[in-house]
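Data block below; observations after.
Coordinate-derived values only; no laboratory data. Here the structure is a predicted model, which means the values were calculated and not measured. Cβ placement follows ideal geometry from the backbone for every residue including glycine, while neighbour counts extend to all protein chains displayed.
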Amino acid sequence: MVEQKRAAARAALKYVPESGVVGLGSGSTAEIFIQELAPLIAAGRKLVGVPSSHKSRALAMSLGIPLLSDDGPWVIDVCFDGADEVDPALDVIKGGGGALTREKVVIAASKKTILLVDASKLSARLGEVWSVPIEVTAFGHASTAAHLRAYGEPVLRMRDQKPFVTDQSGLIYDVKTGPIGDTRALDARLLGIPGVVTTGLFVGMTERVIVAHPDRTEELVRA
């Protein structure tokens, strides 16, 4: 699986500009991409990155990749990130690594977004395999979860027997929605719940998905 992720990352390198601002996603596949990007910069590409998590920032810094501050505003030429589940319309679920809020901010500031996945992440409908991560404020999170229950069972994400805390000091509920009929409508309803910071539904935000199969890579482009 790691080799498939690396194959997707290497296939994405042809979309890296000679100079400009690049969004750096989070998660295992995005980390491999950051590793593959570093030699291009060392060889002379005039690039600067905007990382979407503390972990990605630390990795990029360790590899000598110049970075902009977290404050913004930025005009990002292209963002490279991973995804947890991808449907045929190239709408996706993200947030398995817990960086969904920052990932969404970086993608929204990008002229185009390219996602890198292995073939196991493809689904006929979002929610078939993956729960929808929802970042919520720590204040009143159990009350927010009670509202989320209307859309599926919300499970508070834990790490080391404690609630997982995001880079913004939020909490995450993974909501088991099952297959989603209208992704955009569900996203809007979830965002309307007081206490919800953002959802792991990324609707209409991806132009291209590079999919690594065991023997090849393919590229899916939004119609």
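When you count the other C-beta atoms within 10 angstrom of each residue and take the mean per peptide, 57-67, 189-199 line up highest first as 189-199, 57-67.
Across the cross-link table entries LYS112/LYS176; LYS111/LYS162; LYS46/LYS162; LYS112/LYS162, which are compared at the Cα atoms, the separations over 31 Å belong to LYS111/LYS162; LYS46/LYS162; LYS112/LYS162. Net charge in the neighbourhood of SER123 (other residues with Cβ under 15 Å of its Cβ; Lys, Arg +1, Asp, Glu -1) is -2. The separation of the stretch 1-42 from the stretch 140-173, counted between C-alpha centres, amounts to 31 Å. Between VAL92, VAL105, VAL48, the residue with the greatest mean-square fluctuation in the GNM of the chain (Cα pairs under 10 Å linked by springs) is VAL105. Against the chain, whose longest principal axis comes from its Cα atoms, helix 28-42 is set at around 20 degrees.
Sorting the Cα pairs of the chain by distance into bins of 5 Å, from 0 upward, gives 1, 7, 15, 19, 20, 16, 12, 6, 3, 1, 0 percent per bin. When the Gaussian network model of the chain links Cα atoms closer than 10 Å, the mean-square fluctuations of LYS94, LYS176, LYS162 top out at LYS162.
For ASP77, neighbours were defined as the other residues whose beta-carbon sits under 9 Å from its Cβ, and their charges (Lys and Arg +1, Asp and Glu -1) total +2. Taking a sphere under 10 Å around the Cβ of THR199 and counting the other residues whose Cβ falls inside, with K and R at +1 and D and E at -1, yields a net charge of +1. Counted over the stretch 1-146, the DSSP beta bridges are approximately 10% antiparallel.
Using a Gaussian network model of the chain in which every pair of alpha carbons under 10 angstrom is joined by a spring, one finds that among LEU47, LEU90, LEU100 the greatest mean-square fluctuation is at LEU47.
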